[in-house]
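What follows is a short report on a single structure.
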RNA sequence: GCCUCAGUAGCUCAGCUGGAUAGAGCAACGGCCUUCUAAGCCGUAGGUCAUGGGUUCGAGUCCCGUCUGGGGUACCA
């Protein structure tokens, strides 16, 4: 039981005894005391004035006096304006840290057969280009939120919908047919997704050249864009694909397989994975069937040109296209089909889509459409909407090649981490293989922490020149503190110093130590809060605050050289618990902690 | 036009259901390595929380208006 809820009850009793009135819980406002005042918990007395009918100071004074005399938890108190600062007995904090060291799994809920099942969709790449920084944010958020949900006792199925068909795929296929000269990843040594992406860019370049020519010869821009020969060829290719033309399907399979091999490498580097992968080529027909069923049942309507629409004006939205006049499906159709297949495959209690905020409208509509089609889970879907990654030059545009490539940035991070480690003379005790592993851990933590520490809802700025740092509020700083603690614990063991099982509860604590303990005690709540808000950033900032607070204390005192055995024991336990909590917290972000660095 | 999200230090970001003198990091400047790892610690400087009203004991936080920016807005995904 945490101290806030204990004090809450005590304050309730105090008010009821002193003023003969019952207080609703929400009027008892306890918060942790600000650094500059003495105390551990602070009661805001303003809301209680109407019960005491006395001045803020007097009310606080009376309550403080009562709590001091009648509870075992309060050691001392002081009053500043309308704030009652309470000093909690040391033994409480010491017991807390003692227990924290022993509790399995930090007291988190275990996943059981009865646990709710959450399906998390993330990543969702197109198979016509490699992953870029925006995808990295998506992947890291999706993976991390899955871990956070698991820590809160949910069964999680991580899923990925691969957009493997459509006109954009045909564009890169066409470019390869025209200008590919039979190139393959093997023949060129280029990673598959990059090779395919190069042809997609090539298509766009040639296509724009054609459009420019047509415009020059007097055609209107829009007409030219819609009638360029290359685009028509791509459309023909799509029709051939839909007609299951063997040559086309074979090429499609081959090029997609190149891309999957490439993605696999990137996913592995990022440390993300999936339990179940869906392919749009398998789901879009189901979507079409569902839309046609909706048409039969009268929830949708058809226009004269045969296109199918949903009328959402009663939901204060617009008309929405579901099937084009030529009968082909759109993005929304595919998502309906995928949803149906998923709910057939799993008994999903909650569906979470990790997709950028540019699609807020899309998911608002999807929820309503699923509901209209009679899926009772439709309204319950959660769109985990995150902001874009912006570059100093503006928005990333993959067609124009204006992106930060995922593989490039990962590689560059490792290079910088290696260089910096060597400059600082770190990792010299490790062999080459171990050192390489460690560089990677550091590099990835820098990137992951950078992406995850920002509130997911907000757009974030990424400056390739200077953004990713290894000092200050960063992943490596947290890893560094962890590695130092591990070093202390190793030395303790080597010196035959044992980390004690029990602590002397009458020991006096330093303020900074109490701050650290309070932070640790709030870990389970923080993780729960992160799950509720779908925000790994809450965990990231928690870890940073904890490590920072610990570091400040840790720097001022020596642990192993401490003469007083009780104090030494306490500090060893505290250090070890901090290491455990930080490692666990960072684990929820998909960040591994190195034993040495 | 309409819908929607955002605006906090030079830069990148925190700020829990409204609470005390708005916090970190980077960059700048000044200290600290014969004491467990200096990827660290301590200090200085840097703010009209876009802006104008309102609600109340109390507003960065809630409500309304304005400005600026992002995103969306019927056959792109």
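Nothing in this text is a laboratory measurement; each read-out follows from the coordinates by a stated rule. Keep in mind that what you see is a predicted model, and the values were worked out from it rather than measured. Cβ coordinates were reconstructed from backbone atoms using ideal geometry, including for glycine residues, and neighbour counts include every protein chain displayed.
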Additional length obtainable on full extension of the chain from residue A:32 to residue A:209, 0.36 nm per residue less Cα span: 57.3 nm
field: Packing-based order for A:129-140, A:417-428, using average beta carbon neighbours within 10 Å, highest first
entry: A:129-140, A:417-428
field: By average C-beta atoms within 10 angstrom, highest first, the peptides A:357-363, A:521-527
entry: A:521-527, A:357-363
field: Tilt relative to chain A, helix A:360-372 - C-alpha long axis, 0 to 90 degrees, to 10
entry: 80
query: To the nearest 10 degrees, how steeply does helix A:229-242 sit against the main Cα axis of chain A, on a 0 to 90 scale?
result: 80
task: Out of all DSSP beta bridges with both ends in chain A, state the antiparallel percent to the nearest 5.
output: 55
- prompt: Relative contact order for region A:172-318: what is it in percent, counting Cα pairs under 8 Å that are at least 6 residues apart?
  reply: 21
- prompt: At what distance in angstrom do the alpha carbon centres of region A:135-154 and region A:497-513 lie from each other?
  reply: 35
- line: Heads up, region A:177-334 by the C-alpha gyration tensor (a ≥ b ≥ c square roots of eigenvalues; a/c under 1.5 rounded, else a/b over b/c prolate, else oblate) looks oblate
query: With the Cα gyration tensor of region A:95-152 giving a ≥ b ≥ c as the square roots of its eigenvalues, does the rule (a/c under 1.5 for rounded; else a/b larger than b/c for prolate; else oblate) give rounded, prolate or oblate?
result: oblate
- prompt: Hey, what angle do you get for helix A:432-452 against the long axis of chain A, alpha-carbon based, 0 to 90 degrees rounded to 10?
  reply: 90
- request: Compute the Rg/Rh shape ratio of chain A: radius of gyration over Kirkwood radius, all on alpha-carbon atoms.
  value: 1.06
statement: For region A:1-148 the mean separation of alpha carbon contacts under 8 Å (6+ apart) over residue count, i.e. relative contact order in percent, is 16
task: Sort the following peptides by mean Cβ neighbour count (other Cβ atoms within 10 Å, averaged over residues), highest first: A:3-10, A:164-171, A:341-348.
output: A:164-171, A:3-10, A:341-348
query: Is region A:477-531 rounded, prolate or oblate when judged by the Cα gyration tensor, a ≥ b ≥ c being the square roots of its eigenvalues, rounded requiring a/c under 1.5 and prolate requiring a/b larger than b/c?
result: oblate
